[in-house]
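The values are calculated or read from the model by the stated rules, or taken from the named source; none is laboratory data. Only a predicted model underlies this, so the values are computations on that prediction, with no experimental measurement involved. Counting neighbours? That spans all protein chains shown, and the Cβs are built from the backbone with ideal geometry, glycine included.
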């Protein structure tokens with residue numbers, strides 16, 4: 001009488017193969033371009049961008065309240081704080097607002113956000129703010 005109480009080698013090999021297949025499928029699902037990690041990173045980026053945009057909108061709404069609805073694009077410098085940098089072109093109807101050195105928002109003269117892009121180090125040097133032009137006069 002053959003009384004085997006252990007796991008056979010064949011059963012062990014089959015179990016290992018099944019586990020390897022499961023691991024490879026899980027890794028492919030999690031790490032691919034459409035994987036769960038990529039989607040989580042994209043969602044985080046979208047959330048951060050939206051929070052930055054809401055912060056700017058809140059600052060603009062505060063400016064409009066202070067100016068009793070009569071704020072102009074030239075008044076935008078008044079919302080400056082530690083989190084934002086503001087640049088606008090003399091004679092232009094738009095301003096660029098950099099939030100936390102992460103995103104740049106383009107604001108028109110009606111305070112609509114028309115563009116969002118990534119922050120670049122040349123943000124401070126590539127344009128001449130109207131503030132400097134006013135100081136020279």
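Scanning region 113-125 for residues being under 13 Å from residue 54 (Cα atoms) and part of a loop (DSSP other than H, G, I, E, B) gives a total of 0.
Residues are listed down the side, and each one gets a yes or a no for (1) part of a loop (DSSP other than H, G, I, E, B); (2) in contact with a helix residue (DSSP H, G or I) (Cβ under 7 Å, 6 or more places away or on another chain); (3) touching a residue at least 12 places away in the same chain (Cβ under 8 Å); (4) closer than 16 Å to residue 54 by Cβ:
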| site | (1), (2), (3), (4) |
| --- | --- |
| 75 | no, yes, yes, no |
| 86 | no, yes, yes, no |
| 90 | yes, yes, yes, no |
| 96 | no, no, yes, no |
| 101 | yes, no, yes, no |
| 106 | no, no, yes, no |
| 111 | yes, yes, yes, yes |
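Got at least one residue in region 46-68 being in a loop (DSSP other than H, G, I, E, B) and touching a residue at least 24 places away in the same chain (Cβ under 8 Å)? No, region 46-68 contains no residue that is in a loop (DSSP other than H, G, I, E, B) and touching a residue at least 24 places away in the same chain (Cβ under 8 Å).
Of all the residues that make up region 78-110, how many are more than 23 Å from the chain's Cα centre (by Cα) and either modelled with pLDDT under 85 or on the phi > 0 side of the Ramachandran plot (or both)? Before the answer, list the steps.
Filtering region 78-110 for residues more than 23 Å from the chain's Cα centre (by Cα) gives 78, 89-93, 109-110.
Those still in the list that are either modelled with pLDDT under 85 or on the phi > 0 side of the Ramachandran plot (or both) too: 78, 89-93, 109.
Qualifying residue count for the region: 7.
Within region 7-38, being surrounded by fewer than 10 Cβ atoms within 10 Å (Cβ to Cβ) and in a loop (DSSP other than H, G, I, E, B) holds for 7, 8, 33, 34.
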